[in-house]
Amino acid sequence: MQFSVTFRHMEPSENLKEYSRDKLLRLEKYLDAVIDAEVVMTVEKFRHKAEVLISSDGLKIKAEEETEDMYSAIDMVVDKLEKQIKRHREKMKTHKGAAGKRDISLSEGADFSAKPADEDDEAADSPPIDRRSTVTPEVMTIEEAGSRLARGVAGQIIFIDSGNARLSILRQSHNGQLELVTINH
């Protein structure tokens, strides 16, 4: 986490700086990318104001809170940010499909059958897997896979490249570029 704190109209406090950093670290679990956090703490008469701007992978969220105590202002602003991030994640899930998941997208005609997660398969310290899928990829050219991807059939296409008979994944990156992953076995 990249972290900066600015104190306005108050003495810089290492305790406040560390407190705000610790509170903001709990937001990392909701974001996939590195977080840049800018904190501005201001005191005007009896009003203590905390403003935070978080940037992560193109997402920018800002929140501010004003109370009579700087520590409570930090707590409240972090709660606001947490709600905004959760709302954004939920919005992204619903935007990406009815099931809310787009981890594995299939090419047309692929065999998809979900199998239940076996408790024996999961290691004790690994994150739980909430969905397992079996994919039977089709044989097609890279151009056919690109055409299906461009039509919006899926977020990524898993297929066997007819040119080299290798398992491949064609997906669109965040910047809109197509990315081809060829799997060697």
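The values are calculated or read from the model by the stated rules, or taken from the named source; none is laboratory data. Model, not experiment: these values are computed from the prediction. Methodologically, a virtual Cβ is constructed for each residue, glycine included, from the backbone with ideal geometry; neighbour enumeration extends over all protein chains shown.
Applying the condition of being of a type outside the set (D, E, K, R) and in a helix (DSSP H, G or I) to the range 12-61 and asking which residue is nearest to Arg89 (Cα to Cα) yields Tyr30.
Scanning the range 15-44 for residues that are more than 16 Å from Phe3 (Cα to Cα) and not charged (D, E, K, R) yields Tyr30, Thr42, Val43. Apart from one condition, Glu179 fits all of (1) modelled with pLDDT of 85 or more; (2) within 25 Å of Gly58 (Cα to Cα); (3) of a type outside the set (Lys, Arg); (4) touching a helix residue (DSSP H, G or I) at 6+ places or on another chain (Cβ under 7 Å); the exception is (4).
Conditions: (1) modelled with pLDDT of 75 or more; (2) in contact with a Ser or Thr (Cβ under 8 Å, 6 or more places away or on another chain); (3) under 25 Å from Ala33 (Cα atoms). Leu170 meets all but one. Number of the miss? Single failed check for Leu170: (2).
Within the range 24-37, residues that are in the same structural domain as Gly58 (by TED's automatic domain parsing) reach partners that are of a type in the set (Ser, Thr, Tyr) with beta carbons closer than 6 Å, at six or more positions or on different chains, in the pairs Leu31/Ser56; Ala33/Ser56; Ile35/Ser56; Asp36/Ser55. Checked against the criterion of being touching a residue at least 12 places away in the same chain (Cβ under 8 Å) and over 22 Å from Met1 (Cα atoms), the candidates Arg89, Arg47 yield just one match: Arg47. Scan the range 37-94 for residues that are of a type in the set (Phe, Trp, Tyr) and within 21 Å of the chain's Cα centre (by Cα) and the total you get is 0.
Taken as a whole, the structure places Lys60 among residues that are touching a strand residue (DSSP E or B) at 6+ places or on another chain (Cβ under 9 Å) and within 13 Å of Ile85 (Cβ to Cβ). Of all residues in the range 77-96, those that are surrounded by 13 or more Cβ atoms within 10 Å (Cβ to Cβ), out of contact with any strand residue (DSSP E or B) (no Cβ under 9 Å at 6 or more places or on another chain) and within 18 Å of Leu25 (Cα to Cα) total 2. Out of curiosity, is Leu31 touching a Lys or Arg at 6+ places or on another chain (Cβ under 8 Å) and of a type outside the set (Val, Ile, Thr)? So Leu31 fails the test.
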